[in-house]
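To keep things clear, I will list the structure first and then write my remarks on it.
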Amino acid sequence: MSLLDNLNPPQLAAVTLEPRHALVLAGAGSGKTRVLTTRMAWLIQTGQVSPHGLMAVTFTNKAAREMLTRMTSMLPINTRGMWIGTFHGLCNRMLRAHHRDAGLPQTFQILDTADQLSSIKRMLKGAGIDDEKFPPRQVQQFINGSKEEGLRHTDVEANDNFNRQLVELYGMYDAQCQREGVVDFSELLLRSYELLSRNAPIREHYQHRFRHILVDEFQDTNRLQYRWLKLLAGGGGAVFAVGDDDQSIYAFRGANVGNMAEFERDFAADQVIRLEQNYRSYGHILDAANMLIRNNSGRLGKNLWTDRGHGEPIRVYEAMSDQQEAQWVVEEIRSLVNDGRLRSQIAILYRSNAQSRVLEHALFSAQVPYKVYGGLRFFERQEIKHALAYLRLMENPHEDTAWMRVVNFPTRGIGARTLEQQADIARTHAISLYSAVGHVAGRGGNNLAQFASLVDRMRFETQNLPLHEIVEHVIEASGLIAHYQTEKEGTERIENLRELVNAAAAFASEDGYAADDAGALATTLPETGQVLPSPLAAFLSHAALEAGDNQASLGQDAVQLMTVHAAKGLEFEAVFISGMEEGLFPHENSILEPAGLEEERRLMYVAITRARERLYMSFSQTRMLHGQTRYHMRSRFLTEVPEESLKWLTPKMGLAKGMDTAPAWGRSSAWIDSESADGVSMGRSRGKDVHGYVGAAETYSSRRTAQAGVEVNGKTFMVGQSVAHPRFGEGVIVHLQGAGQDAQVQINFSGSGTKTLALGVAKLDPI
Ligand code: ATP
Ligand code: MG
């Protein structure tokens, strides 16, 4: 079978385009990634380029791996040494190969976002700066924002005092990183960009090497990434960019959809290819996506169609609580699996990482294997970070962030005073904490010296050992295992540490790019003096950049959990979008701004279009978030998709928008007809006249309208009654359900819209 079979005419045209700049602008599921990977395979197969002569960039590690899999399934070649990866991954690789020219130590370490924050905090503390006036997170955002614009602290223009100080902190931070031999995520890109722009031989090498540069998810590139690409393409390489303006979801991180229009101009890309047939989803799913996104303004405009037929409607479920929502998701997943679906073809998506805890708990309790992407990743767990800190110190003892993390973990009697003394000395002499050890007097100094020699000894003892044995040695010799053995809940942590040994073994067997690549380059560029990164260094970069795929469930068929952001580019047979609530999705931070709301809508568009066959949307009346019970209305996005494409599994109650005051049960025919009532617990009731809900994971038991009053805390409430709430002001009860302390009430507040509250808890007074 030829590579080019199974492509429609515009796809075929895109795949076989002559080597020049081109933009494929097309909606979700229309085959952009397929076109991109097929083009890579086709270019190689037809001998137009060698595997080393092309570079492909995408957004997440998972997507990069998928790209590789798709390509090798078409063209079984050895992909070792090929430049396929994320922007961060490729930049890291370039900096490793040319660390000296980039002004970095061979063993430079990567700070992830959390490490970066602690490094900033340490800097502020050391300089005696008030962290209320300069909140570390704000400083972090300022630094990263500037770097993403390609600006060093000397390039940032500050027009007031506060900003001038931020700029100064930015400079201090960069100096600190340089001293410690560490780079943060945005630094990877900026440093690599500066390397290319300042060093002509290196730039020309890559410009000649990459004849084809292919970019997926182009709509989410930021200014700096765009400039980086432009620089690399400067020697005549052809850029093939694919993207979808409706899926631009990283504006908050500096992504710039404007790059697409700019690309057309800048690169004189006269080839703009559009794809409109969607091969991923059934009609109802696609209709929902199309209708939803029409609410956005300023789109480049396109519509998707499918010839797969309508398929099943989107199932909508309203839960009483987040736990119950999770319970329901688990039940549905069970029946999907019973029907023969693979768990790995089922995804649960949510807007914020914080939502995953409840879902994880429900899955865990029901013993459903699952895997979380993002969130608290394997490499971000406390015990793993500790072990990595030891490994990092072995590579580079001058890295203060790692030093501070484990100098007294497990405890070695090194107190805060000793550490302060050490930090003072390091600051005064502009040396690392490690170098300052010898200058600290007394018992504290002795303890510090012992720690320093522990690190040196571990380095010495593991020389020439294979990577996983190094890790194995370190988790023991550092005292971490012994420490967690004494901890009550240490078993899991010990298991994770052992898993780190496995991860190292797996990494070592897959690894190889660094060696191949630096070798290939050294023959062309002898003057750059390549030094191969050690396997340990490569592993540490991997740990900092990788999205935690070494979880225990690796290899097992597991349900996939991730944020909508992380799901970009992926597809699943069945998708659950949970937490469809105002304030959550759309996120509360974005509701007030039209631009923010449009970005949320694009995010929703991404979520919907991940589903191939079946889509679920759920929301909950109450939710525990950040330690508080919140009452949310259902998401406006539910009203922006066509009603015909939805099937309500629970009664559809009044809408947030233009809600009328008719009791909701009165309009319940929509659900009563559907099979969703399942006959479960029909006829069961509690309370006298009011019996709506019968609790967790069950379904509605009665369609009787709540006409009588409900008595709670000695007060009587009924539909139509006016009430006052200390925060929301005055309103009218439009719906009541449940009885006693469990009763729920929906109130139309004149000032703050409609809210659903628990009568037992809400401070309500009849007026
Ligand atoms: P997204 O915008 O979500 O990244 P995309 O445009 O990259 O989507 P792909 O992931 O490439 O879309 O394709 C979606 C699905 O449709 C994939 O399963 C792909 O294999 C399939 N597909 C694409 N084109 C065709 C085709 N011509 N015939 C059959 N299946 C196709
Ligand atoms: Mg894609």
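The values are calculated or read from the model by the stated rules, or taken from the named source; none is laboratory data. Just so it is clear, the structure is predicted and the values come from calculations on it, not from any experiment. No Cβ is skipped: glycine too gets one built from the backbone with ideal geometry, and neighbour counts run over all protein chains shown. Calculation scope for accessible area: heavy atoms of the full protein, side chains included, ligands and nucleic acids excluded. Shrake-Rupley method; radii C 1.70, N 1.55, O 1.52, S 1.80 Å.
Points to keep in mind about this one:
- Some residue of the range 568-578 being at pLDDT 80 or above, surrounded by fewer than 17 Cβ atoms within 10 Å (Cβ to Cβ) and part of a loop (DSSP other than H, G, I, E, B): no
- Listed conditions (1) open to solvent by less than 50 Å² (accessible area, probe 1.4 Å); (2) over 26 Å from Ser635 (Cβ atoms) are all met by Arg351, apart from (2).
- For the range 181-216, a residue qualifies if it is over 26 Å from Ser50 (Cβ atoms) and under 21 Å from the mean Cα position of the chain (by Cα), and the qualifying residues are Val183, Asp184, Phe185, Ser186, Glu187, Leu188, Leu189.
- Close Cβ contacts (under 8 Å, 6 or more residues apart or on different chains) running from residues in the range 366-381 that are modelled with pLDDT of 75 or more and surrounded by fewer than 18 Cβ atoms within 10 Å (Cβ to Cβ) to residues that are of a type in the set (Ser, Thr, Tyr) and outside any strand (DSSP E or B) comprise Pro369/Ser553.
- Flag if Leu43 is more than 16 Å from ligand 1 (Cβ to nearest atom), under 27 Å from Pro10 (Cα atoms), crowded, with 21+ Cβ neighbours inside 10 Å and touching a residue at least 60 places away in the same chain (Cβ under 8 Å): yes
- Of the residues making up the range 103-120, those that are part of a loop (DSSP other than H, G, I, E, B) and either basic (Lys, Arg) or surrounded by fewer than 23 Cβ atoms within 10 Å (Cβ to Cβ) (or both) number 6.
- Filter result for the condition that a residue is open to solvent by 40 Å² or more (accessible area, probe 1.4 Å), away from ligand 1 (no atom under 16 Å from the Cβ) and over 21 Å from Leu545 (Cβ atoms), over Arg80, Arg70, Arg34, Arg20: Arg20
- Once the range 457-479 is narrowed to residues that are assigned to a helix (DSSP H, G or I) and more than 22 Å from Ala538 (Cβ to Cβ), the residue that is nearest to the chain's Cα centre (by Cα) is Glu476.
- When residues in the range 212-237 are screened for being more than 16 Å from ligand 1 (Cβ to nearest atom), out of contact with any Asp or Glu (no Cβ under 8 Å at 6 or more places or on another chain), under 25 Å from Lys62 (Cα atoms) and not in a helix (DSSP H, G or I), 2 of them pass.
- Filtering the range 268-326 to residues that are open to solvent by less than 40 Å² (accessible area, probe 1.4 Å), outside any helix (DSSP H, G or I) and of a type in the set (Val, Ile, Thr) leaves Ile273, Thr306, Ile314, Val316.
- Within the range 730-748, tally of residues that are part of a strand (DSSP E or B) and open to solvent by 30 Å² or more (accessible area, probe 1.4 Å): 3
- Matching residues, the range 451-483, being over 22 Å from Lys385 (Cβ atoms) and in contact (Cβ under 8 Å) with a residue 24 or more places away in the chain: Pro466
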